[in-house]
1. How many residues are within 30 Å of W203 (Cα to Cα) and at pLDDT 60 or above when one looks only at region 22-75?
2. Which ones in region 213-269 are of a type outside the set (D, E, K, R), buried (at least 22 other Cβ atoms within 10 Å of the Cβ) and farther than 30 Å from G186 by Cα?
3. Would you confirm whether any residue within region 74-94 is of a type in the set (D, E, K, R), closer than 16 Å to R303 by Cα, within 23 Å of the chain's Cα centre (by Cα) and surrounded by fewer than 23 Cβ atoms within 10 Å (Cβ to Cβ)?
4. Yes or no: E148 closer than 30 Å to D224 by Cβ and of a type in the set (D, E, K, R)?
5. Is it the case that region 294-302 has a residue that's assigned to a loop (DSSP other than H, G, I, E, B), of a type in the set (S, T, N, Q) and closer than 22 Å to P209 by Cα?
6. What strands (runs of 3 or more DSSP E) lie completely within region 44-130 and have 1 or more residues being touching a residue at least 40 places away in the same chain (Cβ under 8 Å) and closer than 24 Å to K140 by Cβ?
Amino acid sequence: MTIPQRLSAAVLVAAAASAALAGCSSPGSATGASAPASATPKSALVPVFPTTLSAANGSVTIKSEPKRIVSLDPTATEDLYAIGAGSQVVAVDQDSDYPTGVPVTSLSGLTPNIEAIAKYNPSLVVASQDSGGLVSGLGKLGIPVLIEPAVATLVGAYQQIEQIGQATGHHNQATEVAKNMQQEIGDTVKAAGSKYRGMTYYWELSNDPYYSATSATFIGHILDLFGLKNIADAAGKPADGGYPELSQEYIVTAKPQLIFLADNQAADGGQTAAIVAKRPAWAGIPAVAGHDIFGLDDDVASRWGPRLPSLVNALANALAVAKP
């Protein structure tokens, strides 16, 4: 998965900046290894169809419980399996890699091929954006499409999971998943306490050039839970969608106390704490001098689905070893 692909599919549909919320663990890194929030057994309550939903692409009516679902977004794929709709999924896009065993195909949510999607005879298609005339093209074939775009808040993530649950006949399980997520995240943040409030951080999306994420983004919202201050906020402009390009001089001058590398994976830049420490003039940055540089699982950090508690836990683990 390349940086531009992940970015445009999941985070920056309308932004000019191009980067990825990615990363893999390295020495001194925080990993999101815990399992995602899971659904309880399917309720005895019978789902009601037809059902009409108010989605990003307008009013969407699903006539009957969809038995053949195509997912064109990795987060939607994770949502579907977490709420118990996995048995209904017949195909997922090429970037969906979790959970293990999902029916990965060459389908793309960025450049959708209407004919290729239709060959799976779907009764519902879920995607994060209406690219390439996806909604209208499938609409002409009588195939409903549910557009579930990148969210800006945790509340938005919970609501999206519940809407996918309603669309697939798993609203009760989806509600339980969202409830479990909210509880886990709340417990983690509470346990972390307030001693990190006010610490400054730099979130690196890419290093050539240096792209970051401001507090206005979803990842910024997550870090706000811990009371951290984002050095990229002062550099953000409306045109960059919350993902500004920063100069090396800007980062060095800002002196962040924490650095989160979201470009650890080879495809995303292969950055590590050791590589960062060797960058010209970076030795004087408090995060570098104090060895407070952390990596995060790239997929967990780039999605807004049921593994969000793992991301929040990874951040809490990083802060636990940082120097306030």
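1. The initial filter retains those residues of region 22-75 that are within 30 Å of W203 (Cα to Cα), namely 22-38, 56, 71-75.
Still in the running and at pLDDT 60 or above: 56, 71-75.
Residues meeting the conditions: 6.
2. The answer is I251, G269.
3. Of the residues in region 74-94, the ones of a type in the set (D, E, K, R) are 78-79, 93.
Narrowing the set further to residues that are closer than 16 Å to R303 by Cα leaves 78-79, 93.
Adding the requirement that they be within 23 Å of the chain's Cα centre (by Cα) leaves 78-79, 93.
Then keep just the ones that are surrounded by fewer than 23 Cβ atoms within 10 Å (Cβ to Cβ); that gives none.
The answer is no, given that none of the residues of region 74-94 is of a type in the set (D, E, K, R), closer than 16 Å to R303 by Cα, within 23 Å of the chain's Cα centre (by Cα) and surrounded by fewer than 23 Cβ atoms within 10 Å (Cβ to Cβ).
4. Values: closer than 30 Å to D224 by Cβ: yes; of a type in the set (D, E, K, R): yes.
Yes: the conditions hold for E148.
5. Step one: of region 294-302, the residues assigned to a loop (DSSP other than H, G, I, E, B) are 296-297.
Still in the list and also of a type in the set (S, T, N, Q): none.
Scanning region 294-302 turns up no residue that is assigned to a loop (DSSP other than H, G, I, E, B), of a type in the set (S, T, N, Q) and closer than 22 Å to P209 by Cα.
6. Hits in region 44-130: 51-55, 58-62, 69-71, 124-127.
Rundown of residues vs (1) surrounded by fewer than 18 Cβ atoms within 10 Å (Cβ to Cβ); (2) modelled with pLDDT under 95; (3) in the same structural domain as T217 (by TED's automatic domain parsing); (4) in a helix (DSSP H, G or I), yes/no style:
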residue	(1), (2), (3), (4)
V135	no, no, no, yes
L138	no, no, no, yes
L146	no, no, no, no
P149	no, no, no, no
A152	yes, yes, no, no
I161	no, no, no, yes
I164	no, no, no, yes
E176	no, no, no, yes
N180	no, no, no, yes
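The values are calculated or read from the model by the stated rules, or taken from the named source; none is laboratory data. Keep in mind that this is a model prediction, so the values were computed, not measured. So basically every Cβ, Gly included, is an ideal-geometry build from the backbone, and we count neighbours across all protein chains shown.
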